[in-house]
1. Need the failing condition index for N144 against (1) surrounded by fewer than 17 Cβ atoms within 10 Å (Cβ to Cβ); (2) touching a strand residue (DSSP E or B) at 6+ places or on another chain (Cβ under 6 Å); (3) at pLDDT 85 or above, just the number.
2. Restrict the check to the range 51-61 and report whether at least one residue is of a type in the set (F, W, Y) and either closer than 18 Å to A104 by Cα or in contact with a helix residue (DSSP H, G or I) (Cβ under 9 Å, 6 or more places away or on another chain) (or both).
3. Looking at the range 13-97, what strands (runs of 3 or more DSSP E) fall wholly within it and have at least 3 residues that are of a type in the set (A, V, I, L, M), surrounded by 14 or more Cβ atoms within 10 Å (Cβ to Cβ) and in contact (Cβ under 8 Å) with a residue 60 or more places away in the chain?
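The values are calculated or read from the model by the stated rules, or taken from the named source; none is laboratory data. Everything numeric here is computed off the predicted structure, so don't read it as measured data. Here Cβ is always computed from backbone atoms with ideal geometry, including for glycine, and neighbour counts include all displayed protein chains.
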Amino acid sequence: MSGGIPKGWILTPVSQICEQIRGVSYNKDDVLFEPKEGYIPLLRANNINGGIIFKDLQYVPKENVSSKQLLQIGDVVLAMSSGSKKVVGKTAPITVSWNGTFGAFCGVLRPVTTLDSDYFAFFFQTQEYRNKISELATGTNINNHCCPK
């Protein structure tokens with residue numbers, strides 16, 4: 001971080017303060033574009049833009065979704081893979097209770113319970129984070145996110 005950190009603070013790898021959860025895989029033939037009983041709304045990278053955009057949702061069968069893949073307040077949804085380096089690493093915090101999940105090209109960072117989730121989410125809006133993601137994004141046609149250390 002530029003300018004150092006305040007006295008008494010420590011730098012900690014993201015992997016030590018949160019759980020990283022992979023998104024839901026599904027068959028494209030199972031996707032609906034309207035709500036239906038037995039289906040759950042699914043966020044994709046286009047729903048992430050500093051906050052969650054609850055438009056243009058897709059719906060997948062609930063049986064495809066594990067309990068861990070259900071979004072919780074305090075989660076940070078993350079675009080993990082994309083053809084664009086500008087999309088990879090985009091994040092948005094879950095700030096309201098919402099019965100939904102996230103797709104395979106996304107992931108969730110779920111902070112440990114002792115961590116302030118607002119502070120945790122703020123980190124992913126910083127220029128230092130964006131710079132690190134640009135440096136870490138790998139791939140020829142599909143860029144992939146690696147959690148910053």
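1. N144 satisfies every listed condition except (3).
2. yes
3. 39-43
Here is a yes/no grid of residues against (1) in contact with a strand residue (DSSP E or B) (Cβ under 7 Å, 6 or more places away or on another chain); (2) farther than 27 Å from T12 by Cα:
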{"position": "G51", "(1), (2)": "yes, no"}
{"position": "Y59", "(1), (2)": "yes, yes"}
{"position": "E63", "(1), (2)": "no, yes"}
{"position": "K68", "(1), (2)": "yes, no"}
{"position": "S81", "(1), (2)": "yes, no"}
{"position": "P93", "(1), (2)": "yes, no"}
{"position": "G103", "(1), (2)": "yes, yes"}
{"position": "Q127", "(1), (2)": "no, no"}
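The rows are residues; the columns are (1) more than 12 Å from the chain's Cα centre (by Cα); (2) modelled with pLDDT under 85; (3) within 15 Å of G51 (Cα to Cα).
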{"residue": "V77", "(1), (2), (3)": "no, no, yes"}
{"residue": "S81", "(1), (2), (3)": "no, yes, no"}
{"residue": "T91", "(1), (2), (3)": "no, no, yes"}
{"residue": "I94", "(1), (2), (3)": "no, no, yes"}
{"residue": "G103", "(1), (2), (3)": "no, no, no"}
